[in-house]
Amino acid sequence: MTDLFYTEEELEKAIMVGVWLGKNNSAVLDLEGSLEELAFLAETAGIEVVGEISQNLINPNPKTYIGSGKVEELKLLTDELGADMVLFDDELSPRHQRELEEVFGNKVKVIDRTALILDIFAQHADTAEGKLQVELAQLHYRLPRLTRAWTHLARQAGGGGGRTGSVGGVGLRGPGETQLETDRREIQKRITKLEDELEKVRERRARHRSQRKKSNIPIVALVGYTNAGKSTLLNAISSAEIYVADQLFATLDPTIRQLQLPGGTEVLVSDTVGFIQKLPTQLVAAFRATLEEINEADLLLHIVDASHEHYLEQSYSVLETLREIDAGEIPILTVYNKIDLLDAETLDDLEQDAGQDTYFISAKTGEGIEALQEAIADELFTGQSMVKVLLPYSEGKLVSIFHERGNVINIEHLEEGILIYGRLPKETLPYFREYAI
């Protein structure tokens, strides 16, 4: 099995391999666009792409994914360009991995798109929770790919910081047990332990969400393709200081900030991990606790990189992923970001084609953000009215109704009663009319 968590010194040059499966192809992007994205992923991981080959197939070759002739062409190209890695744009089956590693031997490493994304996640996971999630995804990927070529588990998927780690002492083998069986057993034990720890994380997040619900502060979740500018937008609207870089998956761990909308209403804004086409199923499963933050939102802001050549395909990929995680029914505003990178004609065309609930901004320059904030307030509080009431202390039931049905912006306990300023659904206004100020 190829070590997935390499250093830049070990892997400097790679040749990309793309396959277009025609009617059987499930990719959102075309082959050229998908390989461009793969090259960006490689750059993010610190790998230099020196060449590429592609092939049109009806179905992948059962042994080597690409045809035998292409395998020979790939071998010649790696020799010619001095590449020490071949990087496939799709996830290889364990058999494909084994067969290709036999062909290339120890000189050239065989890495697929899933392994590359998992490695990038390992580099960028900063919190304990993020590291647990990444390690779990890595181990699920690695388990079916163990081979007898492994003499021991000297290195393991482990999360952030560096790309290497140790499994912890591998136990003594029982009578007749092979090292491969020992390795599988140790990985399975580690998976079980990680799943238990992440279940505790999930329960803790559920408690926090429950507490936020009790506060009755609406939650807005930023979703979008990786590198669409979600973190930049959150920084712009909430004075947060989230790490931002022009690279894929620059931030992984969810960030929640408080935002005051026009009129004084407060909402919580959650920045979540970016999506990507062919997102590894291992990551979706491992990041379940994080992705559940999206499901609990009252409103989604779908951030789209309007300057990207394949912005429509990226948008479709995000919407598909939202449906997969059962978040497709949450109200959504589409936000075209990076309009500062567009010429006037292109922007005008986009605005002409835009559907309802679509907004155009530059998170970098601030253009359009005020209008977006007003749209968020309108969407969240449609059918509500701003009120100020002074409730007698004897009207505790009305205070509870205001908290449960409305949105409290400010509350003061005065000698003569409880002064509350906030929003109320119009159907509740008659209960408060005599106490209005």
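Structural descriptor for region 384-435: relative contact order 47 percent, calculated from alpha carbon pairs under 8 angstrom and at least 6 residues apart.
Let me make sure I get this right: for region 217-380, a, b and c are the square roots of the gyration tensor eigenvalues over alpha carbons, sorted descending. Under 1.5 in a/c it's rounded, otherwise prolate if a/b > b/c, else oblate. Which is it? It is rounded, given that a/c, with a ≥ b ≥ c, falls under 1.5.
Taking a ≥ b ≥ c as the square roots of the eigenvalues of the Cα gyration tensor, region 13-120 is classed as rounded, since a/c falls below 1.5. Asp126 to Glu434: FRET efficiency via 1/(1 + (r/R0)^6), r the Cβ-Cβ distance, R0 56 Å, to the nearest 0.05? It comes to 0.55. In nm, what is the difference between 0.36 nm times the number of residues separating Asn295 and Leu419 and their Cα-Cα distance? Result: 41.3 nm gained on full extension.
Extension gain, Glu412 to Glu427, is 3.0 nm, computed as 0.36 nm per intervening residue step minus the present C-alpha separation.
Classify region 26-84 as rounded, prolate or oblate, taking a ≥ b ≥ c as the square roots of the eigenvalues of its Cα gyration tensor: rounded when a/c is under 1.5, otherwise prolate if a/b is larger than b/c and oblate if not. It is oblate, given that a/c is not under 1.5 and a/b is not larger than b/c.
Judged by the mean number of other Cβ atoms found within 10 Å, the most tightly packed of the peptides 403-412, 329-338 leads the ranking 329-338, 403-412. Within the straight-line cut-off of under 12 Å between alpha carbons, the aspartates and glutamates reachable from Lys131 are Asp119, Glu197, Asp253, sequence neighbours fewer than 8 places apart in one chain being disregarded. Taking a straight Cα-Cα cut-off under 30 Å and skipping sequence neighbours fewer than 8 places away in the same chain, the lysines within cross-link reach of Lys388 are Lys213, Lys214, Lys397, Lys426.
Label-to-label distance for Asp378 and Asp348 is 2.4 nm, based on points extended 7 Å past Cα in the beta-carbon direction.
Distance between the pseudo-spin-label points of Lys189 and Tyr393 (7 Å out from Cα toward the beta carbon): 6.3 nm.
Label-to-label distance, Gln211 versus Gln258, with points set 7 angstrom from Cα along the beta-carbon direction: 1.3 nm.
Read-outs: derived from the displayed coordinates by stated rules, not from any lab. This one's a predicted model, so the numbers in the text were calculated from it and none came from an experiment. Backbone-built Cβ (ideal geometry, glycine too); neighbour counts: all protein chains shown.
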